[in-house]
Amino acid sequence: MDDWVGSGAEEIAARAERELEALVGVSSPSGDVRGAEECTAICAALGPGDAVTERLPCSSPGHAPDLLLRVTGTGARRLLLLGHVDTVIRHEHHKPLARDGEKLLGSGTVDMKGGVVLALGVLRALAARRDAFAEAALLLVCDEEWRTAPFAHTERFAGWDACLCFEAGELTPEGAEGVVVRRKAAGTIEVQAHGRASHSGSAPDRGRNALLALAAAAQAVAACHDPAGPSRLTAVPTVLNAGTAFNVVPGRGALFCDLRADDDAAILGVLDAVPRDVGGVRLEPALTRLWPGMDAEAATGGLLRDAASALGRPVLGVRRGGASDASHIAKAIPLTVDGLGPRGGKAHNPGEYVLADSLLSRAQVALAVAGAALRS
């Protein structure tokens with residue numbers, strides 16, 4: 001293993017659990033300004049001592065500003081590190097960090113405060129070798145989990161040489177270190193139903209049942225589900241809200257569906273498949289979110305071979321269905337690698353965790369990839 005990779009990873013891992021405890025100790029659901037401000041203050045304190053701190057307007061209105069930490073060097077290349085501090089866990093369900101054997105349990109551990117800790121460590125390691133880069137920066141956003149607005153930062157970093165994103169890491173089925181080089185496009189369809197309310201006992205047939213119409217729309221969306229098809233489309237109804245009382249025909253309601261595919265056209269095709277009228281109920285489907293896909297397989301082949309040489313074990317590009325801000329940045333920086341965070345599981349769930357021993361192994365991977373990106 002390369003000396004810089006090995007020694008740097010040891011330094012990152014020695015601090016990682018304490019830093020993760022500090023970040024996970026803050027409840028920071030998307031949109032909560034106080035939680036985001038506390039997280040960004042911690043991250044600024046954990047970055048290189050001479051890093052320039054900037055607060056950038058968040059993509060989502062009403063959110064705390066995003067955090068940018070910048071370090072300048074004397075080299076030629078510019079490297080962006082990317083992550084987010086928001087979670088999907090509401091305050092009342094927040095869990096601080098606790099150890100259970102090899103698992104570090106807590107809200108947002110794997111998605112993605114564990115990755116933020118490694119990204120901060122990589123930035124500190126880079127700050128110790130200023131001749132390797134012209135500029136290294138860490139961008140931490142506050143709205144990744146629930147953003148529907150366009151990503152605000154893509155153009156700022158257009159033309160940079162590489163981007164490393166620190167969503168959760170993984171091992172391949174063969175046990176090699178996996179990093180994400182391809183992601184599906186992601187979309188959200190919202191269907192608003194406009195029916196007619198009536199008493200469900202005395203006048204049930206005078207109503208136009210929004211709940212039944214939305215159920216039909218959900219079935220139409222689910223019928224498009226084709227994960228083995230040419231676009232690897234997944235179409236999943238996820239939330240249905242209708243009705244105000246047990247004895248009233250629902251006159252209004254809303255359905256939400258999550259869509260993932262290799263291309264945007266497949267997602268738009270699902271939108272077209274939603275009926276506009278069911279049993280006299282008017283349905284209004286809309287695409288409220290569309291995140292681009294990411295395909296960096298070809299662009300990152302040489303970089304991953306170089307990283308594997310520095311690491312002393314294979315680093316392989318993998319595909320992942322989940323969305324990430326790396327997909328937005330990859331449009332402007334073709335050399336983008338994601339999935340550099342620690343390994344863990346149960347993201348967005350009460351039992352979310354990071355594997356403690358992966359903090360060292362994935363710090364090694366991240367430094368090997370960062371070094372390769374600066375040599376590419």
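The values are calculated or read from the model by the stated rules, or taken from the named source; none is laboratory data. No experiment lies behind these values; they were computed from the predicted model shown. Cβ sites come from the backbone with ideal geometry, for glycine too, and all protein chains shown count toward neighbours.
Below is a table of values for the structure above.
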read-out	value
Exclusive hit being of a type in the set (Ser, Thr, Tyr), assigned by TED's automatic domain parsing to the domain that holds residue 305 and at negative phi, set 238, 244, 234, 172	172
Members of the range 331-351 found to be surrounded by fewer than 20 Cβ atoms within 10 Å (Cβ to Cβ) and in a strand (DSSP E or B), listed by number	345
Criterion: surrounded by 24 or more Cβ atoms within 10 Å (Cβ to Cβ) and of a type in the set (Val, Ile, Thr) - qualifying residue of 318, 354	354
Residue in the range 191-198 that is in contact with a Cys (Cβ under 9 Å, 6 or more places away or on another chain) and outside the structural domain of residue 322 (by TED's automatic domain parsing) present	yes
Residue that is nearest to residue 181 (Cα to Cα) [pool: residues in the range 247-276 that are without any contact (Cβ under 8 Å) to a residue 40 or more places away in the chain and over 24 Å from the mean Cα position of the chain (by Cα)]	272
Any hit, the range 56-75, residues being touching a residue at least 12 places away in the same chain (Cβ under 8 Å), of a type in the set (Ser, Thr, Tyr) and exposed (fewer than 13 other Cβ atoms within 10 Å of the Cβ)	yes
Residues of the range 352-369 that turn out to be under 24 Å from residue 258 (Cβ atoms) and part of a strand (DSSP E or B), as a count	1
Test: residue 26 is touching a residue at least 12 places away in the same chain (Cβ under 8 Å), of a type in the set (A, V, I, L, M, F, W, C) and in contact with a Leu (Cβ under 6 Å, 6 or more places away or on another chain)	no
Top-ranked residue of the range 45-72 - restricted to ones that are over 19 Å from the mean Cα position of the chain (by Cα) and among the hydroxyl-bearing types (Ser, Thr, Tyr), ranked as nearest to residue 116 (Cα to Cα)	53
Strands (runs of 3 or more DSSP E) contained in the range 216-301 and holding at least 3 residues at pLDDT below 95 and surrounded by 15 or more Cβ atoms within 10 Å (Cβ to Cβ)	281-291
Strands (runs of 3 or more DSSP E) enclosed by the range 30-122 - at least 1 residues per element that are touching a Leu at 6+ places or on another chain (Cβ under 8 Å) and among the small types (Gly, Ala, Ser)	78-84, 98-100
Among (1) crowded, with 24+ Cβ neighbours inside 10 Å; (2) within 28 Å of residue 5 (Cβ to Cβ) - the single one residue 191 does not satisfy	(2)
